[in-house]
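The values are calculated or read from the model by the stated rules, or taken from the named source; none is laboratory data. Just so it is clear, the structure is predicted and the values come from calculations on it, not from any experiment. With ideal geometry, Cβ positions are generated from the backbone for all residues, glycine too; neighbour counts draw on all protein chains shown. Areas reflect the complete protein model, heavy atoms only, side chains present, ligands, DNA and RNA absent. Shrake-Rupley method; radii C 1.70, N 1.55, O 1.52, S 1.80 Å.
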Amino acid sequence: MRGGEVKPGRSPKRQLNTGYVVGGLLMLLTYLVAQHFAVTSPHVVITEAPRIVDEVKAPGETVVASTEVPQIVDDIQAPAETAAVSAEVPQIVDNTKVPRDAENGKVVCNMEGRSDTCEVDGDVRTNGTALSVTLVPAASWPERHEWMITPYSRRFASVRKVTVTQVQDRAAAPPCTVTHGMPAVLFAVGGYAANYWHAYADILVPLFVASRRYHGEVTFLISNIQFRPRWPVQYRAFLQGLSKYELVDMDGDAEVRCFPRVTVGLRLDKELSIVPELVPGGRLTMADFTGFLRETYALPRGAAREPEKKPRLLLIHRGHYRRILNEPEVARAAEEAGFEAVVTELRGGGDTPEAEVEQARVVNSFDVVLGLHGAGLTNAMFLPPGGVLIQVVPYGNMEDIARAEFSEPATDMGLRYLDYSVGAEESSLMETLGPEHPAIKDPASVHRSGWDKVFELYLAKQNVRINVTRFAPTLAQALHHLRRQ
């Protein structure tokens with residue numbers, strides 16, 4: 001049939017009306033289905049918009065809506081890591097609260113933001129073989145509840161989940177083989193924890209928040225050690241500063257351990273920092289955290305800048321990629337500005353607790369840490385209060401990523417944060433790719449292509465040669481800040 005023709009016996013007007021009716025019904029059906037999934041699906045991802053709250057509630061509880069806008073933060077990665085930035089978009093909030101009477105105990109689970117956590121109070125039993133946490137009632141309950149919790153602070157990390165169960169009666173629970181009188185915190189050391197920044201941001205800071213309230217009277221139950229066997233060794237001094245007891249390797253623990261309370265998972269409320277109002281058991285800040293580090297590692301300096309001495313600047317040397325190619329020239333510029341400058345390599349704390357503590361003491365002897373964006377800048381937390389962190393930001397519109405990971409955290413630690421953004425002419429990419437390459441001409445297009453490309457070009461393949469004349473005002477700002485201390 002040619003265009004414009006109508007089959008005999010059928011009215012064009014009737015066909016048009018029928019099309020409108022069918023189209024309207026399809027639009028209505030699409031809207032209703034979309035509304036259904038927006039409210040009921042626990043896996044809907046919200047991007048740059050207010051979160052939708054979808055709480056599972058016990059009888060008599062109310063649902064409280066939240067209009068908080070999700071925070072999207074890029075993560076520092078080692079080359080072999082997968083990108084956490086695109087996966088770290090918060091999901092719909094799903095807070096499950098099943099309170100019970102004091103005799104039976106209670107489970108309160110929070111799936112808000114990046115993290116999954118449960119607080120389990122009462123007769124609580126853990127089983128390492130099953131990686132389970134069970135709340136056992138003193139009397140029967142009418143129903144059974146179960147939650148699957150990622151015991152790492154970023155829920156999308158590839159670690160084994162913990163099964164948290166509220167059983168209906170005591171007969172369904174395994175008998176205790178070891179009974180503890182103190183609470184426990186259960187967490188995993190997998191995920192991105194091989195990276196020094198992630199070790200602190202994802203585990204050590206959240207662990208401090210979860211356990212400091214117990215003043216050492218807490219046992220750490222750690223899963224995934226089989227994949228990170230050196231991790232508890234490296235951070236032994238830190239763990240012993242928070243707990244008086246031997247940690248439990250949940251991967252190989254055949255015991256049924258009974259506790260009065262178990263915290264399952266760690267909560268990450270702010271990258272490499274603490275939100276004081278959200279700390280369980282009382283307010284803590286990043287200043288408290290760095291104070292704990294100075295106490296635990298016996299760091300001698302509690303304040304920057306001794307007036308009778310020239311301030312000391314540590315320039316971090318990177319031996320592989322993302323290097324400052326003219327380190328000696330930068331060090332001389334720092335000396336001319338009024339600093340005692342030292343170039344040294346920081347290796348993410350080393351593999352032993354002694355190496356971690358020794359490196360912390362080295363950094364504590366300086367007033368300024370200067371380095372190209374990377375996990376090594378995490379060492380700034382060992383600076384004395386009032387010190388300065390200077391971050392050299394690689395070329396390629398990397399300011400938002402770099403500042404999210406170090407600007408606010410440094411400020412929260414009581415440090416002065418400064419950064420210096422590398423220009424195209426200071427980047428090795430100008431020589432290796434040429435001025436017409438999109439990475440030079442249009443960094444935004446590289447960002448649109450995804451995190452893998454951003455990491456490859458701007459973090460893994462870029463070195464910098466700092467223009468010391470252009471960099472001089474940043475050094476002057478740091479010195480001025482220290483002289484005011």
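Points worth noting:
- For segment 460-477, 3J(HN,Hα) computed residue by residue from phi via the Karplus equation (6.51, -1.76, 1.60; θ = phi - 60°) reads 8, 10, 10, 10, 9, 10, 6, 6, 5, 5, 5, 7, 3, x, 5, 4, 5, 4 Hz, glycine and proline entered as x.
- Viscosity 0.890 mPa s, 25 °C: Kirkwood-radius Stokes-Einstein D of segment 151-294 over Cα pairs, µm²/s: 155
- Most to least packed among 470-477, 429-436, 192-199 [average Cβ atoms within 10 Å]: 192-199, 470-477, 429-436
- On segment 405-485, 49 percent of the accessible area sits on carbon and sulfur atoms, based on a 1.4 Å probe.
- Its Cα centre serving as origin, segment 387-452 has a Cβ charge dipole (Lys and Arg +1, Asp and Glu -1) of approximately 80 debye.
- Using a probe radius of 1.4 angstrom, the carbon and sulfur fraction of the accessible surface of segment 161-216 is 56%.
- Relative contact order (%) - criterion: Cα under 8 Å, at least six apart; region: segment 298-341: 43
- Only one residue of 226, 264, 278 has its Cα farthest out toward the positive end of the dipole of segment 213-284, where Lys and Arg carry +1 and Asp and Glu -1 on Cβ, and that residue is 278.
- Overall, the accessible surface of segment 292-377 at a probe of 1.4 angstrom is composed of carbon and sulfur to the extent of 48 percent.
- Quotient of Cα Rg and 2.2 N^0.38 Å for segment 338-482, N being how many residues it contains: 1.12
- Looking at segment 291-379, the accessible area is 41 square angstrom per residue; that uses a 1.4 Å probe and ignores ligands, DNA and RNA.
- With q set to 0.16, 0.26 Å⁻¹, the log10 of I(q)/I(0) for segment 109-157, from the Debye formula over equal scatterers at the Cα positions, is -0.55, -1.11.
- Taking the Cα centre of segment 160-232 as origin and assigning +1 to Lys and Arg Cβ atoms and -1 to Asp and Glu Cβ atoms, the resulting dipole is close to 140 debye.
- Calculated P(r) tail over 19 Å for segment 297-383, as whole % of Cα pairs: 39
- Mean-position separation - Cα centroids, segment 394-429 and segment 438-458, in angstrom: 17
- Per-residue 3J(HN,Hα) values for segment 155-161, derived from phi via the Karplus relation 6.51 cos²θ - 1.76 cosθ + 1.60 with θ = phi - 60°, read 4, 8, 5, 8, 10, 5, 7 Hz in sequence order (x marks Gly and Pro).
- Equivalent-ellipsoid semi-axes of segment 232-344, from the Cα gyration tensor, Å, largest first: 40, 20, 15
- Checking the cross-link pairs 270/453; 106/161; 106/244 against a 29 Å limit on the alpha carbon distance flags no pair as lying beyond it.
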